[in-house]
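Visitor: Once you've had a glance at the structure underneath, I'll fire off some questions.
Read-outs: derived from the displayed coordinates by stated rules, not from any lab. Note that the structure is a prediction, hence the values are computed from the model and not measured. Backbone-built Cβ (ideal geometry, glycine too); neighbour counts: all protein chains shown.
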Amino acid sequence: MNTKTKLAVSTLLGATLLAGAASAQTVAFLMPDQASTRYEEHDWPGFQSAMQELCADCTLIYQNGNADVALQQQQFNSVIAQGARVIVLDPVDSAAAAALVEIARAQDVTVIAYDRPIPDSPAHYYVSFDNEGIGYAIAQSLVEHLQAEGVPEGSGVLQINGSPTDAAAGLIRDGIDRALDASPYVTLAEFDTPDWAPPRAQEWAAGQITRFGAEIIGVVAANDGTAGGAIAAMRAAGVDPVPPVTGNDATIAALQLIISGDQYNTISKPSEIVARAAAEIAVAFLNGETPEATTTLYDTPSQLFVPDVVTQENIGALIFDAGIQTTDEVCTAEYADACRTLGLIE
């Protein structure tokens, strides 16, 4: 056997052994809440599909913490007891998750922070969309829209942030602040929405409508759920037209509100993109490799994806032409006329 042949055989054997190392492993996927439908509808199916492709013999465990810190800690300990070697963790509470990272490190278990970073104790890797960039993009898009509509300088907007226990929500807020602070508009009031719960955002917005009335010329909401809550409060108060409201996640409900004109923008960030990246990173760790990082956040090697802002002007190209959603799913009977007006359906 010549040297080249020996090298080829050695390389093939090494690859086979690495594949075998990954194939028998257990990987856990722990998500934070059920208030957002994305986890069951997009994140978990996307991760599961990618893992089946990349490591068909891997055992997968999915659990959802349902916005309960203690429950997620129990789930974390449980999957370690079940032999998980990699845990993909979207924490209920980013600060509390630091202790979970320490538990995992002590038992030689790899933690991939997913969507929400863990600032106080670096995970082995962090994969997400660029959350600060998202906050800046939705707020700046609204500012530019208000300016284009001739809304006077000094007018006021409401700011509805995400959960105060979610570090990703803090990054989104930082991006929103950066855009609004540089704008000619003022923030009338600001709210951190516990658990991202739309009813809490709606309740708060209703109070601000009573307080400020027609002074509200826009709402910067950190995701589509809180945006929907604000819009519901406006409708209940008889506000017509509803001032432009931002969002984030491109849920079907939000896309319908954009088409109808009740919501101004959202962010198209297919969760499957991050879910697949998390699967690729998990398999790399299982194979003893060090996944390449494109940046570092909170001392954690990271990969951050850049999303697109969706408005009425580009919803056709970014959502329907791109295959993110279909017009059959979005342009239901209630929204059919508005879809026709925008040229989305015939």
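Visitor: Just grab the label-to-label distance for Glu292 and Thr210, each label 7 Å out from Cα along the Cβ direction, in nm (one decimal).
Guide: For the pair Glu292/Thr210, the computed spacing is 5.7 nm.
Visitor: Next question, about the same structure. For a quick check of your reading of the filter: which GluC sites (Glu not before Pro) in the stretch 121-162 sit in a DSSP loop and have no more than 13 other Cβ atoms within 10 Å?
Guide: Passing sites in the stretch 121-162 are Glu149, Glu153.
Visitor: Oh, and also: Under a GNM of the chain (C-alpha, springs under 10 Å), which listed residue has the highest mean-square fluctuation: Arg116, Arg38, Arg173?
Guide: Largest GNM mean-square fluctuation: Arg38.
Visitor: Could you go through the stretch 45-50 in sequence order and give the Karplus-derived ³J(HN,Hα) for each residue, using 6.51 cos²θ - 1.76 cosθ + 1.60 with θ = phi - 60°, rounded to whole Hz, and x for Gly and Pro?
Guide: Along the stretch 45-50, the couplings run x, x, 5, 4, 5, 5 Hz.
Visitor: On a 0 to 90 degree scale, rounded to 10, what angle separates helix 271-286 from the longest Cα axis of the chain?
Guide: Long axis of 271-286 versus the principal axis of the chain: about 20 degrees.
Visitor: Another question, then. At a Förster distance of 25 Å, what's the computed FRET efficiency of Asn77 paired with Gln34, Cβ-Cβ distance as r, to 0.05?
Guide: 0.75
Visitor: What angle, in degrees between 0 and 90 and rounded to the nearest 10, separates the Cα long axis of helix 3-23 from the longest principal axis of the Cα atoms of the chain?
Guide: 60 degrees
Visitor: Also: Step through the residues of the stretch 207-224 one at a time and calculate ³J(HN,Hα) from phi using the Karplus curve (6.51 cos²θ - 1.76 cosθ + 1.60, θ = phi - 60°), rounding each to whole Hz and writing x for Gly and Pro.
Guide: 3J(HN,Hα) across the stretch 207-224, in whole Hz: x, 6, 5, 4, 6, 10, x, 5, 5, 7, 10, x, 10, 9, 9, 7, 8, 5.
Visitor: Further question on the same structure: Out of residues 5 or more away from Ala123 or on other chains, whose amide H comes under 5 Å of its own, with H placed 1.01 Å from N in the peptide plane?
Guide: Amide H neighbours of Ala123: Ile118.
Visitor: Are there GluC sites (Glu not before Pro) in the stretch 242-339 that DSSP marks as loop and that have at most 16 other Cβ atoms within 10 Å, and which are they?
Guide: Sites meeting the loop and neighbour criteria: Glu289, Glu292, Glu313.
Visitor: Then there is this: Taking the Cα-to-Cβ direction at Thr187 and at Gln107 and moving 7 Å from each Cα, how far apart do the two end points lie in nm?
Guide: Label at Thr187, label at Gln107, 4.0 nm between them.
Visitor: Something else now. Starting from the 7 Å offset along Cα-to-Cβ, what nm value, one decimal, do you get for the label separation of Asp240 and Ile61?
Guide: The answer from the label model is 5.4 nm.
Visitor: Which ³J(HN,Hα) values in Hz, rounded to whole numbers, follow from the phi angles of the stretch 326-332 under the Karplus curve 6.51 cos²θ - 1.76 cosθ + 1.60, where θ = phi - 60° and Gly and Pro get x?
Guide: With coefficients 6.51, -1.76 and 1.60, one gets 10, 5, 4, 6, 9, 8, 6 Hz.
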